[in-house]
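Working notes, structure below.
Computed from the coordinates by the stated procedures, all read-outs in this text should not be read as laboratory data. Not measured: the values here are computed from a predicted model. Cβ coordinates were reconstructed from backbone atoms using ideal geometry, including for glycine residues, and neighbour counts include every protein chain displayed.
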Amino acid sequence: MIDLTGKTVLVTGGSRGIGAATVRQIVACGGSAIIHYGSNAEAATALAAEVGNDNAHVVGADLLDVQQTERLWDDALAWRGRVDVLVNNAGIYERCPIDLPLDDWLAGWERTMRINLGAAAQLCRRAIPQFKSQGGGILINVSSRAGHRGDSIEHQQYGASKAGMLALNRSIARTCAKDNILAYGIAPGFVDTEMVGDIMAAQGLEKMAALYPTGRVTTANEVASVITFLASGVAPQTTGNTIDLCGAADVR
């Protein structure tokens, strides 16, 4: 059984989907979770009550805002005096077709790149020196299958942001392994969550499932299980790698 006793884990985008599933598993394995939310305070508070308020701490921050992102790390660190694992899970998936007016198109790119990549890098920037000071730590960056293969023309900014996350992760892993800082990438295909619910509704779950040799899309719990395993620190020699969860649709 995975044992996270004594570990404090910051999960961005922790109030729903993959983040909420991760929080539940972390606490079930004996760890403590810091639940970050962007706008849904009610969901984050309900989740903390579900897993036990002694085991969870709720922090709100708009990741579009640089100063709020800084405060997120400060608040997370202040709760227990340390953060052992950072899970950069927060992200957005918005349409940004190339026939939008230029200002709107640029705004879509900037919003996606900021939340999906810039905020993750900013939190990594804060985590690395803290991890060094405490003898090590773990970074887990939730990317996407799109980080390897790109996305549709309407979501090209999403694919670009997720590819950036993987490069960020590899750079940290290569540079910081000597300081006992481990860094992992997670690259799911479509996951049955609210974030991509509109796409699944439009295309149909059966059609989406047919894209994968396993015959189904990934669940949030499956992604959370991989995150929780890596957060345990039991596989240090896998640092720098990306774990794919796409049902053999892409085999590298």
Check: How much net charge surrounds C124 when only the other residues with a Cβ under 14 Å from the Cβ of C124 are counted, with Lys and Arg +1 and Asp and Glu -1?
Finding: +3
Item checked: Phi to ³J(HN,Hα) by Karplus 6.51 cos²θ - 1.76 cosθ + 1.60 over the range 68-78, Hz, x for Gly, Pro -> 5, 5, 4, 5, 4, 5, 4, 5, 4, 5, 5
Check: What residues qualify as long-range amide H neighbours of G60, i.e. H under 5 Å apart, gap of 5 or more or another chain, H built at 1.01 Å from N?
Finding: Y37
Note to self: Taking θ = phi - 60°, what integer Hz values does the Karplus form 6.51 cos²θ - 1.76 cosθ + 1.60 yield along the range 89-98, in sequence order, with x for Gly and Pro?
What the structure shows: 10, 4, x, 10, 9, 10, 5, 8, x, 6
Check: When M113, M1 are ordered from fewest to most other Cβ atoms inside 10 Å of their Cβ, what list results?
Finding: M1, M113
Next item on the list: Count the net charge of all other residues whose Cβ sits under 11 Å from the Cβ of D250, scoring Lys and Arg as +1 and Asp and Glu as -1.
Entry: +2
Next item on the list: Tell me what the chain gives for mean residue ellipticity at 222 nm when only DSSP H runs of n ≥ 4 count, each as -39,500 (n - 2.57), the sum divided by the residue total, rounded to 500 deg cm²/dmol.
Entry: -14000 deg cm²/dmol
Note to self: If I model a spin label at D179 and V251 as a point 7 Å from the Cα along the Cα→Cβ vector, what separation in nanometres do I get?
What the structure shows: 3.9
Check: Karplus couplings for the range 4-21 from phi (6.51 cos²θ - 1.76 cosθ + 1.60, θ = phi - 60°), rounded to Hz, Gly and Pro as x?
Finding: 10, 4, x, 9, 10, 10, 8, 10, 7, x, x, 8, 8, x, 4, x, 5, 4
Notebook entry, point to check: Is the shape of the chain best called rounded, prolate or oblate, per the rule: a/c under 1.5 gives rounded, else a/b larger than b/c gives prolate, else oblate, with a ≥ b ≥ c the square roots of the Cα gyration tensor eigenvalues?
Noted result: rounded
Note to self: Can you compute the charge dipole magnitude of the chain about its Cα centre, using +1 on each Lys and Arg Cβ and -1 on each Asp and Glu Cβ, nothing else charged? Give it in debye, rounded to the nearest 20.
What the structure shows: 940
Next item on the list: Collect residues whose amide H, placed 1.01 Å from N in the peptide plane, falls under 5 Å from the amide H of N241; neighbours closer than 5 in sequence don't count.
Entry: G185
Margin query: Could you tell me the calculated FRET efficiency between L106 and N55, based on Cβ-Cβ distance and R0 = 35 angstrom, to the nearest 0.05?
Written below: 0.25
